[in-house]
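Okay, so here's the structure we're looking at.
The values are calculated or read from the model by the stated rules, or taken from the named source; none is laboratory data. These numbers come from a predicted model, not from an experiment. Cβ placement follows ideal geometry from the backbone for every residue including glycine, while neighbour counts extend to all protein chains displayed.
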Amino acid sequence: MNHSKFSISNLNLYYGDFQALKNIDMEIPEKEITAFIGPSGCGKSTFLKTLNRMNDLVERVKITGQIKLDGQDIINDIDVIQLRKRVGMVFQRPNPFPMSIYDNIAYGPRTHGIKKKAILDEIVEKSLQAAAIWDEVKDRLKKNALGLSGGQQQRLCIARALAVEPEVLLMDEPTSALDPISTLKIEDLAVTLKKNYTIIIVTHNMQQAARISDRTAFFLLGEMIEFDKTEKVFSNPKDKKTEDYITGRFG
């Protein structure tokens, strides 16, 4: 197993009185794709968002336990701006900023103090190349990003996340709003990106988890029921609940 990128111990999360995550313990290896699966409302997206402290923005959230990124406690040892630079996020619906394709990608590096056009040009090209969309947009970088198709917008959002050179990419159902061809492009892209990044993907599409992830965690009602190598979770799950879910008996 690769070095652990995230170590999570005894993590609990409450929204007011409701406990959304219960005693999560897991080691997420670096430079692999880890998929979170489970029925809607089971806590998988909530858990994903704790990894870059997106839940800090939600009222009445209380989190106990520990999450470490490369051995550093993400709540006590890492400034949240630094954390979000290291741990990028791609959302369910493509959400490009209403500005040019170029400015979408340059936005993050500029906020981190990079001003020189030559450097920004290089980052923009490199990020769009990495997100497998450069050839489609290189002649229209000054055009509004909202003019792109949904699948292109989502790859643009991946490029935008990569522009600040994160170590981890969180993807929250990144293909659920896309057509099958765009979905496969994003899946292929994720597999390519894991050479350089740790990728954690929430998906409601079990075939997607089976196709692209190295490890799969199955969540149910806020608990992590099972976490193992993907082929093992799908072919020989330890827990009856996992088996019921993947064979379609509920969920």
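Being surrounded by fewer than 19 Cβ atoms within 10 Å (Cβ to Cβ) and within 22 Å of the chain's Cα centre (by Cα) is the filter here; which residues of region 126-145 pass it? Can you show your working first?
Looking only at region 126-145, we keep the residues that are surrounded by fewer than 19 Cβ atoms within 10 Å (Cβ to Cβ), and these are 126, 129, 132, 134-136, 138-140, 142-144.
Answer for region 126-145, where residues must be surrounded by fewer than 19 Cβ atoms within 10 Å (Cβ to Cβ) and within 22 Å of the chain's Cα centre (by Cα): 126, 129, 132, 134.
In region 136-164, what count of residues is obtained for those that are in contact (Cβ under 8 Å) with a residue 40 or more places away in the chain and charged (D, E, K, R)?
Residues meeting the conditions: 3.
Can you pull out the residues in region 51-62 that are buried (at least 17 other Cβ atoms within 10 Å of the Cβ) and either over 22 Å from residue 166 (Cβ atoms) or at pLDDT 95 or above (or both)? Explain how you work it out, then say what you get.
Kept after step one, since they are buried (at least 17 other Cβ atoms within 10 Å of the Cβ), are these residues of region 51-62: 51-55.
Answer for region 51-62, where residues must be buried (at least 17 other Cβ atoms within 10 Å of the Cβ) and either over 22 Å from residue 166 (Cβ atoms) or at pLDDT 95 or above (or both): 51, 52, 53.
Please give the number of the condition residue 245 fails out of (1) outside any helix (DSSP H, G or I); (2) in contact with a Phe, Trp or Tyr (Cβ under 7 Å, 6 or more places away or on another chain); (3) over 25 Å from residue 88 (Cβ atoms).
Condition (1) is where residue 245 drops out.
Name the residue that is farthest from residue 108 (Cα to Cα), counting only residues in region 64-79 that are at pLDDT 95 or above and among the aliphatic types (A, V, I, L, M).
Only one residue fits best here, namely 67.
Which one of these is under 14 Å from the mean Cα position of the chain (by Cα) and hydroxyl-bearing (Ser, Thr, Tyr): 216, 183, 230, 192? Even if it seems obvious, please write down each step before you answer.
Values: 183 fails: under 14 Å from the mean Cα position of the chain (by Cα); 230 fails: under 14 Å from the mean Cα position of the chain (by Cα); 192 fails: under 14 Å from the mean Cα position of the chain (by Cα).
That would be 216, the only listed residue that is under 14 Å from the mean Cα position of the chain (by Cα) and hydroxyl-bearing (Ser, Thr, Tyr).
Of the residues that make up region 137-156, is at least one within 17 Å of residue 195 (Cα to Cα) and part of a strand (DSSP E or B)?
Of region 137-156, the ones within 17 Å of residue 195 (Cα to Cα) are none.
Within region 137-156 (the criterion being within 17 Å of residue 195 (Cα to Cα) and part of a strand (DSSP E or B)), the answer is no, since none of the residues qualifies.
Where residues in region 19-50 are modelled with pLDDT under 95 and surrounded by fewer than 16 Cβ atoms within 10 Å (Cβ to Cβ), which of them is nearest to residue 244 (Cα to Cα)?
Going through the qualifying residues, I end up with 39.
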